[in-house]
Every structure is written in C-alpha cells, then in structure tokens.
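Nothing in this text is a laboratory measurement; each read-out follows from the coordinates by a stated rule. Everything numeric here is computed off the predicted structure, so don't read it as measured data. Reconstructed Cβ throughout: ideal geometry from the backbone, glycine too, with neighbour counts over all protein chains shown.
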C-alpha cells in the first residue's frame with residue numbers, strides 16, 4: 001500500500017517498573033533522515049534502534065523522541081565526572097584570584113550540568129533494550145497506520161486525476177485528425193487564392209507533397225501512444241506501492257514531456273486549453289507525489 005511520508009505515532013508502555021513513551025513525527029524528505037531525542041542512559045542504542053525504524057520506513061525526515069521513567073529501585077546508576085568538575089572549579093578559583101575577588105564554590109550548581117553526569121557503564125541491560133525495541137515497534141505501527149490512511153487519501157485523489165487525463169487523451173486523439181484536415185483545407189485555399197492572382201492553377205502533385213509534409217509535422221500518434229502508456233503506468237504504481245514516490249515522479253515527468261509536444265504540434269485553440277488543463281492536473285499530481293514514500 002502506498003504510504004505518505006507525513007505522519008504521527010505515539011506509544012505508552014508500562015512494564016516491570018519501566019515506563020516508556022515514544023513519539024514519532026515525520027515530514028517528506030528525499031532520503032530517510034532520522035533525528036533522535038533519547039535519554040542519556042540509552043543514547044548509545046541509536047544504531048540498534050535505527051535498524052528497527054528502517055524496517056518500517058525508507059524515506060522522509062523522522063523525529064523520534066523517548067521519555068523514560070524508572071521505578072526507584074530500578075533507576076540506572078549514574079556516573080559523576082569528578083575530574084572534569086574539579087577542572088572547572090579550579091579554573092573558576094583561579095579566575096577569582098586573578099580578579100582579586102572572593103569566591104565560594106556552589107556545589108549544588110553541578111547537579112544541573114548534564115555534561116558531568118552519565119550512565120555508569122557503556123552497556124545497557126539487554127532486557128531493557130528488548131523492551132525499548134518492542135515499544136518503538138508499537139509506536140512505528142501507530143505511525144504507519146496514520147501514514148497509510150493519508151496515503152490512501154492521496155491515492156484516491158490521484159486515481160481520479162489519472163482517469164480525467166485518460167479521458168482528455170482520448171479527446172486529443174479524436175481531435176487530431178480533424179486538425180490535420182482543417183489545416184490541409186486552409187492550406188489549399190490559401191495557395192489557390194495566391195495562384196489565382198497570378199493566373200496559375202494549383203499543381204495537384206506538388207500540393208500533395210506539401211500536405212504530406214504538413215501531416216508529418218502535425219502527427220502526434222506516437223506521443224499519444226506513449227502518453228497513454230505512461231498513464232497506465234501511473235495506475236499500476238498507485239496499486240503496487242513499491243517505491244511508488246520516486247517512480248511516480250519520474251512517470252509524471254514523462255507525461256509532461258508528451259503532452260507538451262502534443263500542444264506544440266497541434267495549433268488549435270480548443271486543444272490548447274485542454275493541454276493547459278492537462279498540465280495543471282499533472283502538476284497537482286506531482287505535488288501529491290512529493291508526500292508519498
């Protein structure tokens with residue numbers, strides 16, 4: 001199923017004295033760009049948790065945050081960087097002496113300096129890791145549900161636009177032969193009038209050569225065939241959902257190319273308006289595709 005890159009997911013899990021709350025927000029992006037906000041005690045788990053995310057997403061800018069609460073007897077041990085704290089205090093004492101000012105250290109201020117505090121060890125308990133992976137998976141499932149819902153809405157909208165463009169393609173195919181004939185009749189009339197002023201009659205063989213050249217310049221049968229093929233491809237991609245965003249964007253560019261050529265080859269006021277409407281629909285589809293994964 002085609003998914004939007006825009007979505008929101010949340011999960012709250014309480015298990016064994018540990019409460020974890022995940023929040024996931026995402027917007028469209030060319031590649032998968034993960035931004036983490038994790039507590040310091042589990043920050044080292046980013047590479048492992050990223051593998052979980054990549055099983056659920058392939059594109060977009062994704063912000064992932066985690067709030068952790070531990071029961072009093074389960075709080076992870078903290079490590080205080082006494083060496084760094086001593087160096088800070090010594091520097092401040094020296095600064096006070098150099099300025100000739102009295103200064104008394106406020107040790108309670110060290111509690112608010114996050115750079116002095118960290119987990120007691122680099123290893124996180126494996127049971128906690130598994131719980132976090134499960135919680136993240138639940139949040140990702142909620143996030144994917146929101147993305148799928150929006151993706152279905154975008155697909156429904158694009159299907160209607162593709163159907164409209166297919167109908168217009170048939171109108172262009174039906175109008176093209178009429179334009180050829182009208183241009184041929186106009187050309188015959190103008191040449192006959194010009195030759196009449198000179199007292200000369202139209203040479204049929206020469207005229208047929210000119211008409212043949214004109215018909216070649218006005219022929220859009222190949223462009224219309226390719227355009228219809230591209231529209232069918234759009235339908236297939238909307239159904240498949242496999243890397244749909246990039247493939248849809250490329251196919252829409254090809255549609256732009258073919259309909260633009262048709263508009264340039266067929267000089268007709270009615271058809272020109274139809275081509276403009278066609279391009280507008282393609283542009284709206286491209287805007288929708290920018291949000292698809």
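Working out 0.36 nm times the residue gap between residue 71 and residue 219, then minus their Cα-Cα distance, what length gain in nm do you get to one decimal?
Full-extension gain reported as 45.6 nm.
Between residue 175 and residue 156, what length in nm is gained on full extension when 0.36 nm per residue of separation is reduced by their alpha carbon distance?
Numbers: separation 19, 0.36 × 19 = 6.84 nm, distance 2.92 nm.
Additional length available on full extension: 3.9 nm.
Once the Cβ-Cβ distance between residue 84 and residue 43 is put in as r, and R0 is 22 Å, what FRET efficiency do you end up with, to the nearest 0.05?
Calculated value: 0.75.
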